[in-house]
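Contents: one structure, followed by commentary.
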Amino acid sequence: MSGGLSTFQVGEKVGFLHESGGGTVRKIDSLGIYHVEDETGFERPFRQNELVKIYGSNYHLPENDDLQRNDDDSLTTRSYTSHKETKTGSRKPIDIWEIDLHIESLLDSHSGMGNAEILSYQLKELRNFYSKARDKHIRKLIIIHGVGEGVLKDEVRLFLSKKEGIEYFDADYREYGKGATAVELRYNF
């Protein structure tokens, strides 16, 4: 991925945002619909914003308390992923959460929103994501902000610079290009 929106490839494991479980992407049709074979062997259609990438073998997603209630009383999930990764030489898995702050990943439609309003919404989502990660003692975060003019990246880094017990740096260039920041969180138990 190079700073753009997350896309899934045929053969990748994905989790379902609005229900438990997940599966494997079997095909992507001309309308951009992902056809996913679930754990029971059935192929089901999903839009991109209904799926999250799975790293490892578990379909481990945020708990129901990571659902956000909208003003119209409908539920939507936040745009971050939870997955397990095992460090080389280590048997203990570490939790990693990822959020894509591109407005197209956060909202189905942002028409009528100005740049300041979009930035404000993105930063609100970042604050919620960070707070939830801290509450769950997540050890590593990936914040996808894109490259663009660098405004969102600067705001993300300003937010992080005010936090204690963390280190942040450019995320893996091979996976995210120049459009993401990795954050390592430390806890004193």
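Throughout, read-outs are computed from the coordinates displayed, never taken from laboratory work. Nothing here was measured: the structure is a model prediction, and the numbers come from that model. Cβ sites come from the backbone with ideal geometry, for glycine too, and all protein chains shown count toward neighbours.
Can you pull the one-decimal nm distance between simple spin-label points at residue 10 and residue 167, each 7 Å off the Cα toward Cβ?
Placing both labels 7 Å beyond Cα along the Cβ direction yields 4.2 nm.
Past 23 Å, Cα to Cα: identify those pairs from 132/163; 53/162; 136/178; 53/163; 27/140; 53/136, in the order given.
Over 23 Å Cα-Cα: 53/162; 136/178; 53/163; 27/140.
Using a basic spin-label model with each label point 7 Å from the Cα along Cα→Cβ, how many nm lie between residue 118 and residue 28?
Each label point is offset 7 Å from its Cα along the Cβ direction, giving 2.2 nm.
Starting from the exponent 0.38 and prefactor 2.2 Å, build the expected Rg for segment 88-189 from its residue count and divide its actual Cα Rg by it.
Scaled against compact globular proteins, the figure is 1.12.
Can you compute the modelled spin-label distance between residue 35 and residue 186, with each label point 7 Å from Cα toward Cβ, in nm?
Result: 5.1 nm between the two label points.
At 0.36 nm per residue, minus the direct Cα-Cα distance, what do residue 47 and residue 18 gain on full extension? Give it in nm, one decimal, please.
9.3 nm
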